[in-house]
Structure formats: structure tokens, C-alpha cells
Amino acid sequence: MVKKMIAGLALASLMAVNAEACTVMVVTKGASADGSVIVSHSNDGFGADMNMVYVPAKNHPEGSKRPVYPTAVALGPIPGYNAFFQPNLVAPERSEGYDYPGRPHTVPFGYIPEVAHTYAYMDGCYGMANEHGLMLGECTDLSERLPQVPYKEGGGIFYAAELGRVALERCKTAREAVQMMGSLIDEYGLWGTAETLAVADREEAWVFEMQTSPTGKGGLWIAEKIPDGDFFIAANQLRIHGIREGDPDQIFNPHLPETLKKIGWAAYDEEGRLDWVKSLQAKEYKHPYYSKRRVWRAMSQVAPSKNLPSQVAGWDSKTYPLSVRPDKKLKVEDIARLHRDYYQGTGFDKSKSPLAGLYGSPYHYVKEMGERSILSAKTSYTQIAQAGGTLPAPVVWLSMNTPFENPFVPFAVSKVPEEYRALRDTYDPSKMYWVSNQVMALTQGYFNIMSPIIKEAVEQAEKKSVQLVNSSSGLTKEKFADALRENSLRILDDWKQLSGKLLMKYNAGEGIEYEKLPQPNTSEKY
């Protein structure tokens with residue numbers, strides 16, 4: 001009873017979803033330069049866990065149960081279940097990466113039957129990719145209309161994060177994962193917020209969208225296949241419109257249409273079809289362009305020939321299609337650039353706004369209630385998962401902290417060096433998190449002074465990583481993983497040196513060319 005009361009009080013005081021949230025992108029096989037499939041996700045929750053954890057493959061005894069854990073990334077910490085922002089999870093039985101001696105173990109919300117064998121995968125605040133090339137990306141769908149449902153005993157036990165992990169443990173294909181996650185929602189129910197999961201394998205990609213049910217039972221969900229050859233982006237707003245019964249490229253609970261009508265949410269498009277976005281009233285969050293401006297920006301970057309307008313008729317407008325065909329084939333480097341975008345060179349450039357300050361920072365540290373860019377000050381990590389093509393094994397490119405100041409570092413689905421595992425409340429200069437944090441803090445303080453130096457360092461680091469990955473097609477999975485781990489440690493050493501150089505050059509502002517900065521008005525006399 002005490003546990004339940006504590007959890008309830010915590011949720012009541014922390015119901016507001018972090019106003020930054022996430023951006024997710026997908027490059028299908030036919031849209032990529034090397035024939036791989038790419039899924040990216042910026043985890044934009046301030047203070048969230050920044051670690052990537054390797055969960056090994058396992059065999060399980062017959063009749064065993066799999067715990068379903070809570071997470072703070074949904075609606076905030078749940079102290080009664082030892083669910084906090086960081087560590088995101090304390091569960092040594094799942095992985096040694098989730099072993100934090102002296103920290104209380106996270107308490108499960110419930111259990112589901114375990115399977116005989118589970119696959120290895122890379123995990124973070126949300127699941128990333130498994131050994132077979134199944135990949136996930138996430139964004140929370142923010143709207144004052146979409147009900148948020150805190151966990152309560154006897155209610156739904158799944159949030160999108162744990163739902164995706166079960167899929168990575170048990171599935172090899174995106175279609176299989178979509179069907180399995182839908183069945184888990186139907187049987188065990190959802191709690192938390194409306195969510196979008198990008199779900200892809202080496203061959204195809206899907207958009208999976210879900211919403212907690214106002215009845216407290218099950219949940220509402222729908223998935224749609226992204227056409228091969230297309231690029232997709234979601235930015236905190238549901239994207240699927242028309243519900244098409246009998247279409248093999250859509251999967252949803254067969255009772256979804258009648259459920260929407262029964263609860264009084266059903267809304268229709270101009271063609272008379274039941275419309276998912278309109279039915280859920282998936283409006284913009286706090287600003288007319290909190291989400292859609294990011295969708296416009298990414299689509300206009302990859303497909304400028306479409307001349308997509310930066311303004312739309314309304315929140316439910318179909319101005320931007322679910323996906324677009326890029327003007328040229330895309331690479332990991334292109335997706336990395338999109339995650340560093342703050343509308344440079346447009347009328348929406350964040351570095352030119354009144355909040356940019358003397359040093360033209362695109363990072364705004366107030367709680368953003370206006371439109372936001374893909375780049376965010378509150379990013380804990382960004383992942384770019386890649387599978388297929390000539391890769392010896394699936395790869396997760398990880399950038400800790402904000403990606404403008406930190407390179408994407410590739411890892412195979414295998415053990416991650418200890419130097420890439422850290423705690424926010426324990427300073428350790430040997431860890432990549434703290435080294436990258438130092439570079440980030442310096443750059444964000446003097447953005448227009450230091451950003452050219454950082455941009456060059458990031459580009460060089462990623463260029464070497466791309467060359468390494470591209471030249472590794474003949475390696476075994478084990479040697480490939482070893483080569484990427486060695487590369488990650490070289491990048492760590494490079495970033496330690498970069499941090500020191502920045503401190504020495506700009507100590508007390510010594511390296512700043514003040515004549516290039518805006519000058520005060522000295523003509524006024526006292």
C-alpha cells in the first residue's frame with residue numbers, strides 16, 4: 001500500500017511530459033546509397049539516461065516469466081518502483097550493463113511468459129537494434145488532447161520502451177514485431193503517453209503508432225508500411241491518417257474502427273474515411289509549428305525538388321505526406337546532418353532569434369513552448385541504427401549529449417566499452433559522457449566562436465568511422481565489433497585532447513576575436 005501511495009504521489013506531481021521530446025527518421029532500403037536500412041532517434045529528454053547497453057542473447061527455462069519494467073521517460077520518476085531518469089533501469093539479470101551496485105533494483109509492473117530463446121540487442125531509454133537487424137526509433141506524441149495514463153495496479157503494464165524491447169528480444173522482422181507488439185497491447189494494455197515507433201529490418205520499414213485507451217483496457221494502435229525508396233520523419237505528432245481496412249500495408253486491431261466510434265472519437269477525412277490523426281486530435285504542442293516545422297525541414301532537405309511549403313492550413317493538414325522519395329540516395333552522414341539542424345540559412349534560424357544571445361546560440365535553455373528545431377539543448381543521446389547492405393553486422397551509431405558537438409560513434413550489436421558507460425551524479429573524466437559534456441559546454445557557451453572548430457573535428461571523426469565501416473565488409477562479426485570498439489576509444493582520446501585545446505585557447509576569453517563581435521554603442525555621453 002505504501003509503495004502504491006508513493007508511486008501515485010510521484011506521478012501526480014510529474015505528469016507533464018518533457019516539452020522537448022524526440023525526433024525519429026527512417027531511410028528505407030531503396031532510399032539509401034548502400035542498400036542498408038537506417039533508423040534514427042534523438043532522445044531529447046533532459047536528464048534522461050545517456051548510456052547504450054548491450055543485452056546478450058539468452059536461453060530461458062520452460063515456464064519462466066519475463067519482468068515488464070516501468071520507466072521514468074514516460075511520465076517522470078516512479079520512486080515506489082525505483083524507476084528514475086538515470087540509471088534508467090537497474091536490473092542485473094537483464095544485462096551487466098544494468099548492474100549498478102548500491103542502487104535499488106527496479107521493481108517490475110508485471111510479468112509475461114518468457115520464450116525459450118531471446119536475441120541480443122542494444123538498449124537505451126528505448127530499444128535500438130538487435131543482432132538480426134531489427135531496428136527501432138521513438139518519439140512521444142505530444143498534444144493536450146491525447147490523454148496521458150499513469151500506471152496503476154491492475155491497469156496496463158506496457159509503455160512503448162518496454163514494448164520495443166520485447167520485440168527486439170523475440171523478432172527478426174519489422175512486420176513480425178508490429179504484429180507482436182499489437183498483440184501485447186491488446187492483451188496486457190498500455191500506460192503512459194501516445195507514442196510513435198519506427199520499426200525496420202534489413203528489407204522494410206513500418207510506422208507503429210499507439211495511444212492509451214480512455215477505458216483503461218488494452219490500447220489503440222495502428223501501423224503503416226513506409227514505401228520502399230522513401231524517407232520518413234516523425235516529430236512528436238501522430239502521422240498516419242486514413243484507416244484502410246483490408247490493406248496489407250496497414251496493420252491494426254480489427255476492432256479499432258468500432259472502438260473509435262464507441263468512445264466518441266471517430267473523425268473522418270474529406271474522402272469519408274476514418275482518420276487516425278483526426279480521431280485522436282493529434283494537435284501541435286504549445287505552438288502551431290512545434291512538430292510540423294521539423295517535418296518540413298527534414299523533408300525539404302532530402303527532397304528539395306518537391307518545394308514543400310513551410311506553412312500549413314492546420315494541425316490536421318496533409319500538406320506533408322507520410323514519407324517522401326529523396327532527390328538523391330541517403331547515407332548515415334546525411335541523417336547525422338539532419339539531427340544537427342537548427343534551420344540554418346532559413347527565416348527560422350534558431351541562432352538568429354532573440355534568445356540566441358551574444359554568441360548566436362541555437363540552444364534555448366528556457367522551457368521551449370514555441371516551435372523547436374531538430375537540434376535540441378536537452379538531447380541525452382542520438383542513435384542512428386543501420387542494417388543490411390554490405391555490413392558484417394547491424395550497427396548503432398551513438399552520439400552522447402547533443403550531436404552538433406559530438407560525433408556519431410559506430411558500434412556493432414555487442415559489448416560496449418566501459419568508457420562509454422557513466423552516471424550523471426558521478427564525475428569521471430575517463431568517461432566519454434563527461435569528456436563530450438566538457439566539449440559541449442564550452443561550445444554552447446561561445447557557439448559562433450567555437451562551432452567551426454567543433455564542426456571540423458566532428459566531420460573528421462565521422463569520416464574516419466565511415467571509412468572503417470565501409471572497409472569492413474569482409475570481416476567476421478567478432479572482428480568487426482572489435483574494430484569498432486577500438487575506434488570508439490580512439491575517438492574518446494581525440495575528444496579529451498579537443499577539450500584541453502579549447503580550454504587553453506579560450507581561457508578567460510583570450511582566444512576570442514572581440515572585434516568580430518557586436519560592439520556596444522560608445523557615442524552616448526554621460
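The values are calculated or read from the model by the stated rules, or taken from the named source; none is laboratory data. These figures come from a predicted structure and were not determined experimentally. Positions of Cβ are generated from backbone atoms using ideal geometry, with glycine treated the same way; all protein chains shown enter the neighbour counts.
Pull out all pairs, ordered by first then second residue, where Cβ-Cβ is under 6 Å, the residues are six or more apart or on different chains, the first lies in segment 216-243 and is without any contact (Cβ under 8 Å) to a residue 60 or more places away in the chain, and the second is of a type in the set (V, I, T).
W221/I185; I222/I240; A223/V178; A223/I251
Residues of segment 345-363 being crowded, with 20+ Cβ neighbours inside 10 Å and of a type outside the set (S, T, N, Q), which ones?
Answer for segment 345-363, where residues must be crowded, with 20+ Cβ neighbours inside 10 Å and of a type outside the set (S, T, N, Q): K350, P362, Y363.
Mind counting the residues in segment 224-262 that are of a type in the set (G, A, S) and within 25 Å of G314 (Cβ to Cβ)? Walk me through it before giving the result.
So the first thing to find is which residues in segment 224-262 are of a type in the set (G, A, S), and the list is 229, 234-235, 242, 246.
Still in the running and within 25 Å of G314 (Cβ to Cβ): 234-235, 242.
Number satisfying all stated conditions: 3.
Here is a list: G102, G154. Which entry is surrounded by fewer than 24 Cβ atoms within 10 Å (Cβ to Cβ), outside the structural domain of L280 (by TED's automatic domain parsing) and of a type in the set (G, A, S)? Give the derivation first.
Working: G154 fails: outside the structural domain of L280 (by TED's automatic domain parsing).
From the options G102, G154, the qualifying one is G102.
Would you say E405 is acidic (D, E) and without any contact (Cβ under 8 Å) to a residue 24 or more places away in the chain?
So E405 fails the test.
Looking at S399, is it touching a strand residue (DSSP E or B) at 6+ places or on another chain (Cβ under 8 Å), crowded, with 24+ Cβ neighbours inside 10 Å, part of a loop (DSSP other than H, G, I, E, B) and among the small types (G, A, S)?
Criteria not met by S399.
Tell me, which strands (runs of 3 or more DSSP E) wholly within segment 159-231 include 2 or more residues that are under 20 Å from T71 (Cα atoms)?
195-200, 205-211
Among the residues of segment 477-522, how many are in a helix (DSSP H, G or I), modelled with pLDDT under 95 and not polar (S, T, N, Q)?
11
Scan segment 424-444 for residues that are surrounded by 14 or more Cβ atoms within 10 Å (Cβ to Cβ) and assigned to a helix (DSSP H, G or I) and jot them down.
M432, Y433, W434, V435, S436, N437, Q438, V439, M440, L442, T443, Q444
Quick one: would you say E131 is in the same structural domain as N236 (by TED's automatic domain parsing), over 23 Å from E153 (Cβ atoms) and not β-branched (V, I, T)? Can you show your working first?
Working: in the same structural domain as N236 (by TED's automatic domain parsing): yes; over 23 Å from E153 (Cβ atoms): yes; not β-branched (V, I, T): yes.
Taking the combined requirement at face value, the residue satisfies it.
Give the number of residues within segment 317-337 that are free of Cβ contacts under 8 Å to residues at least 60 places away in the same chain and either over 24 Å from P407 (Cα atoms) or β-branched (V, I, T) (or both).
Residues meeting the conditions: 5.
Whether any residue in segment 461-476 is at pLDDT below 95 and of a type in the set (A, V, I, L, M, F, W, C) is what I want to check.
No.
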